[in-house]
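Novice: Okay, handing you the structure first.
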Amino acid sequence: AAATTTTASTPTSYPTSHDQLQQPMDTQMFVDNKFVSSQATQWIDLYDPATNNLVTRVPQNTDAEMKAAVDSAEKAFPAWKATSILARQGIMFKYVALIREHWDRLAASITLEQGKTFADAKGDVLRGLQVAETACGITTQIQGEVLEVAKDMETRSYREPLGIVAAICPFNFPAMIPLWTIPIATITGNTCIIKPSERDPGACMILAELAEKAGFPPGVINIIHGAAKTVDFILDEPRIKAISFVGSNRAGEYIYQRASANGKRVQANLGAKNHCAVMPDCNKNHALNAIAGAAFGAAGQRCMALSTLVFVGETKDWAPEIAERAQQLSMNGGFEEGTDLGPVISPQAKERIEGLIASAEKEGATIVLDGRGKKPEKYPNGNWIGPTIIANVTPEMTCYREEIFGPVLVCVNVPTFEDAVQLINSNEYGNGVAIFTRSGSTAQRFQKEIEAGQVGINVPIPVPLPMFSFTGNKKSVAGGGANTFYGKPGMMFYTQQKTVTSFWRADDALSTRAKVNMPTQS
Ligand code: NAD
């Protein structure tokens, strides 16, 4: 049967509760500015994490469908590259306005499919929107350089698009992370293939619909679906020139290697174990609030979640006070008013996280607050784990070594500032780090001596805004972190340089003898 295609239309209503959907609709792909129903034989069921009710089925797109998306991106590229920078900027202005207009609808899709609270989902959209807003400044960001390198001879540099680029996205930021690619890749003249997480592609589909409305020509933005098979297709398709990956180390290290071996440019942000040093001289109230928020917000499913506390000296006695604040947080369905944290993404994730808590208990740590077995009354079938605090952890323990990615705060005690720095720098991850202190000199030493790439001083989740770049390091990135996401390096990633050297006084040449030596510029 022929695939059905439809043009984008805006639904007048969208789910804003966890009530079971009357008619779950299959997720479509987006090719040539059309929504296309898949002829897939394999489908991935997607459940609301708060209820485990079916929300949609996501196709494992067929090879022919994925190839059609790349054909579309290939066909669109020459005209899109030739479209003036001001025209592309004009479309981006409209895109920004439409994302803002559909902000609640995007956030609702995230709450339904991913589980985070509606307010937090709005932040997910906003952080992506800010990348698009910053991309609107392309006309000053992409300017080249020019220099008269010899008499009457000048060299100019230009930045040109790569062609077709692809993004492979994780489940935890369904709007923000596709928007780390779409605005920058397209405004610099590339066409793109986006593979959202198979666990929550809904927000990405809305972003596709809005892209069509903003005036992106057919083929500039295409969305394909699936799991590892789709990833392998992207890694091996020679027409795709660059890959942006965000997700786990397990997938990311494989993707980096295979894509690089295939000659592609890769930027890859991976897992984390973000530490926070708590100094006795800090503003205690500010620190405790910030720590509880950053450890348990989004149910700990942020790559910049504060997952590991390093109590310096006497602050080790503060764990029960953090527990008090954690207990005040309300765990409930994300659409419910006043909810602080929602469920984790899947029953498998819940089981894995509970296993890590059990391992800590077995290995001799102290469970100060145990979130296992907690659930909100209204949603008994969700994937719930309440805020959990594990104290007296040592670096050999499994809960210290593994990324937990749940609402679990692991606490290690050290006697001095130097010990804290040494412990944190010994960790193989280098995404985010924070210190709470009132001392300027302690803060300055910390920022200089600490290795992790994103440092917060009295700021628990120091994610740089899009005028800067996302600068994780060590095992939190693949390939040594040479290609960071968004900001100036993001723009560089999606473009290649061309330099043109020209001499327009050739008509004046009188000698008839050729010059064979390299010019010495003297
Ligand atoms: P994941 O690695 O399971 O999935 C990410 C993407 O890779 C998905 O699109 C998935 O389909 C694909 N994938 C998964 N397994 C694969 C495999 N074996 N082969 C090929 N492709 C595969 O990650 P996730 O669970 O969706 O996201 C959570 C992880 O992402 C955490 O480790 C978190 O720290 C990390 N993350 C990092 C950042 C950052 O900027 N450093 C941001 C967000 C999330």
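The values are calculated or read from the model by the stated rules, or taken from the named source; none is laboratory data. This one's a predicted model, so the numbers in the text were calculated from it and none came from an experiment. A quick note on method: Cβ atoms are made from the backbone with ideal geometry, for glycine too, and the neighbour counts reach across all protein chains shown.
Novice: VAL246: modelled with pLDDT of 95 or more, crowded, with 24+ Cβ neighbours inside 10 Å and of a type in the set (Val, Ile, Thr), yes or no?
Specialist: yes
Novice: Mind checking which residues of the range 161-191 are among the hydroxyl-bearing types (Ser, Thr, Tyr) and either within 14 Å of the ligand (Cβ to nearest atom) or closer than 22 Å to ARG250 by Cβ (or both)? Can you show your working first?
Specialist: Filtering the range 161-191 for residues among the hydroxyl-bearing types (Ser, Thr, Tyr) gives 181, 186, 188, 191.
Residue satisfying the conditions is THR181 alone.
Novice: ALA208 passes all but one of (1) within 15 Å of ALA69 (Cα to Cα); (2) over 20 Å from the mean Cα position of the chain (by Cα); (3) among the small types (Gly, Ala, Ser); which number fails?
Specialist: Only one criterion in (1) within 15 Å of ALA69 (Cα to Cα); (2) over 20 Å from the mean Cα position of the chain (by Cα); (3) among the small types (Gly, Ala, Ser) is unmet by ALA208, namely (2).
Novice: Which one of these does TYR254 not meet: (1) more than 11 Å from the ligand (Cβ to nearest atom); (2) without any contact (Cβ under 8 Å) to a residue 12 or more places away in the chain; (3) closer than 28 Å to ASP71 by Cα; (4) not small (Gly, Ala, Ser)?
Specialist: Against the list (1) more than 11 Å from the ligand (Cβ to nearest atom); (2) without any contact (Cβ under 8 Å) to a residue 12 or more places away in the chain; (3) closer than 28 Å to ASP71 by Cα; (4) not small (Gly, Ala, Ser), TYR254 comes up short only on (1).
Novice: Something else: Select from the range 345-386 the residues that are in a helix (DSSP H, G or I) and within 23 Å of PHE171 (Cα to Cα) and list them in ascending order.
Specialist: Of all residues in the range 345-386, those in a helix (DSSP H, G or I) come to 347-362.
The answer is PRO347, GLN348, ALA349, LYS350, GLU351, ARG352, ILE353, GLU354, GLY355, LEU356, ILE357.
Novice: Is there any pair with a first residue in the range 192-204 that is touching a residue at least 24 places away in the same chain (Cβ under 8 Å) and more than 9 Å from the ligand (Cβ to nearest atom) and a second that is among the polar types (S, T, N, Q) and part of a loop (DSSP other than H, G, I, E, B) whose Cβ atoms are under 6 Å apart and which are 6 or more apart or on different chains, and what are they?
Specialist: PRO201/THR27
Novice: Return yes or no: is THR41 out of contact with any helix residue (DSSP H, G or I) (no Cβ under 6 Å at 6 or more places or on another chain), on the phi < 0 side of the Ramachandran plot, part of a loop (DSSP other than H, G, I, E, B) and surrounded by fewer than 19 Cβ atoms within 10 Å (Cβ to Cβ)?
Specialist: Judged against the criteria, THR41 is a match.
Novice: Could you please find all residues in the range 65-105 being touching a helix residue (DSSP H, G or I) at 6+ places or on another chain (Cβ under 7 Å) and part of a loop (DSSP other than H, G, I, E, B)?
Specialist: Of everything in the range 65-105, just one residue is touching a helix residue (DSSP H, G or I) at 6+ places or on another chain (Cβ under 7 Å) and part of a loop (DSSP other than H, G, I, E, B), namely HIS102.
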